[in-house]
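The values are calculated or read from the model by the stated rules, or taken from the named source; none is laboratory data. Predicted, not measured: the structure shown is a model, and the values here were computed from it. All Cβ positions, even for glycine, are placed from backbone atoms using ideal geometry, and neighbour counts span all protein chains on display.
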Amino acid sequence: MAVPSGGYRLAFDDDAAWLEQLRSAVDRRLLELLPSGAAGPARLLEAARYALLSPGKRFRPLITLLAVREFGGDSTLALDAACAFEMVHAASLILDDLPSMDDAQTRRGRPTTHRQFDEATAILAAVGLLNRAFGVIAEDERLSSAVKAELTRRLSDAVGFAGLVSGQALDLGARDQTRTPAEMELLNHRKTGVLIAGAAEAGALIAQAPPEAVAAMGRFAVHLGMAFQIHDDLLDVEGGLDLGKDLGQDEGMTTMVSALGVGGAEAAMEAHLAAAETALVDVGARGLLARYALGFFEARKAAA
């Protein structure tokens with residue numbers, strides 16, 4: 001895999017320290033935002049906590065927080081919104097892993113939620129997390145009503161019939177049939193890109209960045225999401241990096257790798273990374289957000 005033209009390794013030791021501080025802040029706030037005690041059946045709440053607080057990169061909330069910082073905003077103002085995107089992501093993973101979906105056994109190095117608990121509890125935990133994400137945004141007193149309404153609209157779009165739900169339906173439909181690269185791009189965009197785009201745009205919105213900067217964050221994140229999906233498809237075929245989840249899940253299905261071959265898929269991934277970098281350059285966003293998001297691919301490749 002080629003390195004993005006910016007050479008986006010973490011430039012300073014304090015980059016890594018700052019990222020770890022943000023990640024820890026997200027984990028603490030996620031725990032605080034989850035209901036507890038008499039809010040619901042103990043087993044249901046335990047399943048929600050199991051899925052939400054399982055070891056993870058917290059990539060989407062970090063993108064939100066770093067986007068705020070990129071445009072001169074206060075990252076602490078975006079913490080709850082960032083956590084809302086992580087709640088949606090966790091819910092989507094629960095649903096994606098179900099026996100009626102991918103029937104996965106392992107996620108983030110642990111048994112999937114439906115295996116650790118049971119299928120009904122897992123489904124209800126996913127619905128609860130989705131619902132809680134919207135509540136978190138609505139309850140955030142640090143954001144204006146206008147910003148909260150816009151965040152809610154964008155999060156709804158990311159989840160709904162043009163987002164995650166649609167992407168999963170496309171993924172499940174006719175898996176044994178050959179798909180074109182264009183069809184795979186649409187599927188990957190809806191399954192992966194839309195939520196990352198929403199997270200990046202949220203950060204720019206909270207920082208009160210101009211509309212063109214919000215749009216650029218969306219373009220950046222869409223291409224980043226596409227690159228992520230292709231990279232995971234490559235790893236599913238080639239192995240190497242322990243992703244903490246089942247491998248070989250794509251066998252018999254069309255992916256960008258099966259459609260384009262390994263070389264073609266790698267070229268498509270590099271094109272998306274270049275487009276993501278261009279979107280950042282267009283608005284002068286070449287700080288820690290770029291080093292983290294684009295440098296992430298260097299780290300993944302080095303570990304593979």
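For the range 82-121, filtered to residues that are of a type in the set (A, V, I, L, M) and under 26 Å from L22 (Cβ atoms), the residue that is farthest from the chain's Cα centre (by Cα) is I94.
For every residue, the table says whether it meets (1) farther than 30 Å from L288 by Cβ; (2) in contact (Cβ under 8 Å) with a residue 40 or more places away in the chain.
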residue: R58; (1), (2): no, no
residue: C83; (1), (2): no, yes
residue: D97; (1), (2): yes, no
residue: H114; (1), (2): yes, no
residue: F134; (1), (2): no, yes
residue: I137; (1), (2): no, yes
residue: S144; (1), (2): no, no
residue: L151; (1), (2): no, yes
residue: S156; (1), (2): no, no
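Of the listed requirements (1) surrounded by fewer than 24 Cβ atoms within 10 Å (Cβ to Cβ); (2) over 29 Å from L260 (Cα atoms), L234 misses just one: (2). Of all residues in the range 249-275, those satisfying the criterion of being assigned to a helix (DSSP H, G or I) and either among the polar types (S, T, N, Q) or without any contact (Cβ under 8 Å) to a residue 60 or more places away in the chain (or both) are V257, S258, G261, V262, G263, G264, A265, A267, A271, H272, A275. On inspection, A209 fails the criterion of being under 20 Å from the mean Cα position of the chain (by Cα) and hydrophobic (A, V, I, L, M, F, W, C). Scanning the range 122-167 for residues that are over 24 Å from V68 (Cα atoms), surrounded by fewer than 20 Cβ atoms within 10 Å (Cβ to Cβ) and either more than 17 Å from the chain's Cα centre (by Cα) or modelled with pLDDT of 95 or more (or both) yields I123, L124, V127, N131, F161. From the residues in the range 95-121 that are in a helix (DSSP H, G or I) and of a type in the set (S, T, N, Q), which one is surrounded by the fewest Cβ atoms within 10 Å (Cβ to Cβ)? By that ranking, first place goes to Q116. Once the range 124-147 is narrowed to residues that are in a helix (DSSP H, G or I) and among the polar types (S, T, N, Q), the residue that is nearest to V159 (Cα to Cα) is N131. Tallying residues that are within 15 Å of A25 (Cβ to Cβ) and either within 13 Å of the chain's Cα centre (by Cα) or not basic (K, R) (or both) within the range 60-72 yields 8.
Residues in the range 239-250: is at least one of a type in the set (A, V, I, L, M, F, W, C) and at pLDDT 85 or above? No: the range 239-250 contains no residue that is of a type in the set (A, V, I, L, M, F, W, C) and at pLDDT 85 or above. Would you confirm whether any residue within the range 39-48 is modelled with pLDDT under 95, part of a helix (DSSP H, G or I), surrounded by fewer than 17 Cβ atoms within 10 Å (Cβ to Cβ) and among the small types (G, A, S)? Yes, that holds for at least one residue.
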